[in-house]
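Heads up, the thing below is written out as structure tokens.
Since every read-out is calculated from the coordinates, none of them should be taken as a lab result. Since we're looking at a predicted model, the values are computed, not measured. Every residue, glycine as well, gets a Cβ built from its backbone with ideal geometry; the counts of neighbours run over all protein chains shown.
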Amino acid sequence: MNTHLQTPIDYLKGVGPNRADLLRKELGIHTYQDLINLFPNRYLDRTKYFKINELQQNNAEVQVIGKLIKFEEIAQKRGKRLVATFQDETGTMELVWFRGQKWIRDSLKLQTPYVIFGKTNFYGGKFSMPHPEMELLTEHQTSLRSAMQPIYPSTEKLNNKGITNRVVNKIMQQLFVETKGRFIETLSPELLESQKLISKSDALFNIHFPKNQDLLARAQYRLKFEELFYIQLQLILKNLIHKSKIKGLPFEKVGNYFNTFYETYLPFELTNAQKRVLKEIRQDLGSHAQMNRLLQGDVGSGKTIVAFMSMLMALDNGFQACLMAPTEILSVQHYNGLLEWCKQLDISIKILTGSSKTSNRKEIHHALENGELQILIGTHALLEDKVKFKNLGLAIIDEQHRFGVEQRSKLWHKGPKISPTQSSENNEPKGAIPPHVLVMTATPIPRTLAMSVYGDLDISVIDELPPGRQAIKTVHRYDKNRLDVFRFIRDEIEKGRQIYIVYPLIQESEKMDYKDLMDGYESISRDFPMPKYQISIVHGQMKAADKDFEMQRFIKGETQIMVATTVIEVGVNVPNASVMIIESAERFGLSQLHQLRGRVGRGAEQSYCILMTSHKLSNDSKTRLETMTRTNDGFDIAEVDLKLRGPGDIMGTQQSGVLNLRIADIVKDGNILKTARYYAKHVLNSDPNLSKPNNQAILFTYQQMSKYKNIWNYIS
Ligand code: ADP
Ligand code: MG
């Protein structure tokens, strides 16, 4: 039988209170179970023994068998170093210690075979190895060591206090001795069989003491699969439970508004992708379960009309709808865009933002509550408690990554109050039926990441741009090419086009950035003098009304150049603007560059994006710039971004469990993730309650996970 895995680590032979304390504090290891799940970061291949005359000048980690011939203390600037001559039958090398010399000298034996291991240096015609790992050959031959030596996560403190990698390895061995290396299987026989996975016990043994590369690979696969499988299982279950428990507002029909718009006013033929997504949304809305859907679509892919037509479905069933955008500019733009369509259909629509006047607000509050107002557009202002809907049926959030989780959940509670006849349903959140929720994002997230971060949402993708769009041409130019760039701008303005010039504005150095922006503005004003040229400027320190005024001038074509900070990043739509110049482009992240570029290429004309940088570029900056000039595909860019930054920094993923992955890597293990998701779905399809005897291992593990860990705190 297994020793109970929840046993405190103090009880393990060879650990004791001091070490236990360190393990707890430094690595969060409290129990046997925690220790078993301390997976190595990497492995050293110790299958090979080098002869001294085979050593190469490549600084590699090598293993050599030989004897210590003599010790020598050599004075140096501060203190001294201990140098030993180490010899095998092919030559000699030096072993060097800068610390712990007395202890080393006393404990090592001369003329006795040792196996040494470490990195080699080559200096003055000789190889040397600083602070080698040393083991008597006799012990080396008998130890339960595997040829692939695991290297465990560690900290400086652990090392200083003598809990070296070797000690961790010994403790791990002891753990396997005490538990006999037998662990409860956590996957079902079907899963093991269908994927030819090795058992849990074998996997754990080989992850810590791999016999060879092949077994190590199989152990890793099995554990990564298991980890991803349970994350997916959890997400899918959450989604299923959600659907069965949270009753949605039934949108029984597609009615007049939708049909009239579709038949009479549709301004263009929808792309196939738009049609498909509308169908998916329609299905959700008619399904009696609450919709919780993420709509991903690259900049310019046409999400707005999908949002609008979804709102029409709400209106057709007697409900209200709202659309929330992250900035005032965007809200205004949405409002102006939708206003046209609403007029045609005789729909009442209003906008509510931070700068709405009090009297106006009151009117809106009133009209919302008595149901006169059908569509409300706005910023965070929509979330205020005073904003009460009569019967909100659909809430749409644009540019979802700009909002937090709490905001999404706030919208939930703006749904209609449950009437006495409905309140017998006991699973709904108290007091209100949540509206259907559609969140939209133009920041493409790699599919693998989306599956993990938004795994509890259903996902729709618009993967097709409206026809007739020309690919934006993107180039990288240095400051010294500025004159050419200005000449190019002049030519484009000559042709009637408009230009964006964007400066970085990054919080910490805001003052300096602000100066850059103003300097840039001045120099542009000099090169493009009035009255021939008119220039708008928009930045975050301006009053909302001024911003809006400048924006409107540009939208109306009264100004040819818009100098701005990233406030114009999301959503702004000026089809006649065909050139985007990004200053200090090396300071922007990939998704931001892609967003900015998406401001052009919205009309029929060929559009351009010019990335201006200085000469000093980091490797990451170079990769970003190369990626931007290579492709316009947002998903492609997102993949590169994920590789550069890791999942932790990708917007909106901070609160997700993907960061707590212990062995799988969301970037590298995308295929395993897909397989895991497939099987998680498969298992739940055939056994939704995990009640079949064969799925008991899965049920048990799932329950344990929920009980002991709260890291899987996904977006609500
Ligand atoms: P985004 O997905 O970035 O929000 P928008 O909804 O703002 O994109 O659409 C970008 C532009 O493309 C708008 O000018 C819109 O009118 C236009 N558009 C959207 N769908 C189509 C289509 N099917 N055919 C032609 N133009 C379209
Ligand atoms: Mg948009």
What is the Rg over Rh value, at two decimals, for the range 534-595, using alpha-carbon atoms and the Kirkwood definition of Rh? 0.95
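Inverting the mean 1/r over all pairs of different Cα atoms, compute the Kirkwood radius of the chain and quote it in Å.
Numbers: mean 1/r = 0.0332 Å⁻¹.
With all distinct Cα pairs of the chain included, I get 30.2 Å.
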Can you give me the C-alpha center-to-center distance between the range 211-285 and the range 571-640, rounded to a whole angstrom? 30
Magnitude of the charge dipole, the chain, Cβ model with Lys/Arg +1 and Asp/Glu -1, debye to 20: 1620
Phi-derived 3J(HN,Hα) across the range 552-564 with the Karplus relation (6.51, -1.76, 1.60, θ = phi - 60°), rounded Hz, x for Gly and Pro, is 4, 4, 5, 4, 6, x, 6, 10, 9, 10, 10, 9, 8
Would you mind calculating the relative contact order of the range 47-145 from Cα pairs under 8 angstrom and at least 6 residues apart, reporting the percent as a whole number? 28
For the range 47-145, the charge dipole (Cβ of Lys, Arg +1; Cβ of Asp, Glu -1; about the Cα centre) points to a positive end, and the Cα of PHE117, GLN56, ILE104 closest to that extreme belongs to ILE104
Percent antiparallel among DSSP beta bridges confined to the chain, rounded to 5, stands at 40
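Go ahead and run the numbers for FRET between HIS30 and LEU137, Cβ-Cβ distance against an R0 of 41 Å, rounding to 0.05. Don't jump to the answer; show the numbers that get you there.
Numbers: r = 37 Å, r/R0 = 0.91.
For HIS30 and LEU137, the calculated efficiency is 0.65.
Using Cα pairs under 8 angstrom and six or more residues apart, how large is the relative contact order of the chain, in percent? Let's see the in-between values first.
Numbers: 1198 pairs, mean separation 87.5, N = 716.
Rounded, it is 12 percent for the chain.
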Amide H to amide H, which residues 5 or more places from ALA432 or on other chains are under 5 Å from it, using H placed in the peptide plane? ILE418
State, to one decimal in nm, how far the label point of THR631 lies from the label point of ASN694, with both points 7 Å from Cα in the Cβ direction. 3.9
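Residue separation times 0.36 nm, minus the C-alpha to C-alpha distance between ARG662 and GLU72: what's the value?
Numbers: separation 590, 0.36 × 590 = 212.40 nm, distance 4.50 nm.
Computed gain between ARG662 and GLU72 is 207.9 nm.
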FRET efficiency (ASN58, ALA471; Cβ distance; R0 35 Å; to 0.05) is 0.20
Please give every one of the lysines within straight-line cross-link reach of LYS547, meaning a C-alpha to C-alpha distance under 22 Å, and leave out same-chain neighbours fewer than 8 residues apart. LYS350, LYS357, LYS511, LYS515, LYS556
In nm, to one decimal, how far is the THR623 label point from the GLN344 one, both placed 7 Å along Cα→Cβ? 4.6
Under 19 Å Cα-Cα from LYS707, which lysines qualify once same-chain neighbours fewer than 8 residues away are excluded? LYS238
How large is the convex hull of the Cα atoms of the range 277-377 per residue, expressed in Å³ as a whole number? 117
Using only the Cα atoms of the range 128-208, construct the convex hull and provide its projected area averaged over every direction, in square nanometres to one decimal. 7.9
Lys/Arg Cβ at +1, Asp/Glu Cβ at -1, dipole of the chain taken about the Cα centre: which of GLN696, GLY468, HIS242 is farthest positive-ward? GLN696
Residues of type lysines that LYS303 reaches as a straight line, Cα spacing below 18 Å, ignoring anything fewer than 8 places off in the same chain: LYS275, LYS279
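Over the range 47-145, what portion of Cα pair distances is larger than 18 Å, expressed as a whole percent?
Working: 2128 of 4851 pairs.
Here the long-distance tail beyond 18 Å is 44 percent of all Cα pairs in the range 47-145.
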How much length is gained if the chain between LYS616 and GLN704 is pulled fully straight, taking 0.36 nm per residue apart and subtracting their Cα-Cα distance, in nm to one decimal? 26.5 nm
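Counting pairwise Cα distances across the range 1-97, what percent come out greater than 17 angstrom? Show your work: numbers first, answer last.
Values: 3214 of 4656 pairs.
More than 17 Å apart: 69 percent of the Cα pairs in the range 1-97.
Once every DSSP H run of n ≥ 4 in the chain is given -39500 (n - 2.57) and the sum is divided by its residues, what mean residue ellipticity at 222 nm do you get, rounded to the nearest 500 deg cm²/dmol?
Working: 24 runs with 283 residues, N = 716.
Taken over the chain, the calculation gives -12000 deg cm²/dmol.
Using a Förster distance of 22 Å, how high is the FRET efficiency between SER409 and LYS253, based on the Cβ-Cβ distance and rounded to 0.05?
Working: r = 29 Å, r/R0 = 1.32.
The pair SER409/LYS253 has a calculated efficiency of 0.15.
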Please give, to one decimal in nm, the separation of the simple spin-label points placed at ILE184 and ALA217, each 7 Å out from Cα toward the Cβ. 3.3
Stretch gain in nm, segment THR7-TYR514, where the contour uses 0.36 nm per residue and the Cα spacing is subtracted: 176.7 nm
Can you give me the C-alpha center-to-center distance between the range 332-375 and the range 28-45, rounded to a whole angstrom? 58
List the relative contact order of the range 246-462 as a percent without decimals, with contacts defined as Cα pairs under 8 Å and 6+ residues apart. 31
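Above 28 Å lies some portion of the pair distances; for the range 473-631, what is it as a whole percent of all C-alpha pairs? Each step should come with its number before you reach the end.
Details: 1652 of 12561 pairs.
Distances greater than 28 Å cover 13 percent of the Cα pairs.
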For the range 473-631, what is the charge dipole size about the Cα centre, in debye to the nearest 20, if Lys and Arg each add +1 at the Cβ and Asp and Glu each add -1 at the Cβ? 380
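Run the count for the range 47-145, please: Lys pairs, Cα-Cα under 13 angstrom, 8 or more apart or on different chains.
Values: LYS51/LYS67; LYS67/LYS109; LYS70/LYS109; LYS80/LYS102.
Value for the range 47-145: 4.
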q = 0.14, 0.19 Å⁻¹: log10 I(q)/I(0) that the Debye formula gives for the range 246-462, counting C-alpha atoms only: -0.83, -1.62
From the Cα centre of the range 670-684 to that of the range 53-107, the distance in Å is 51
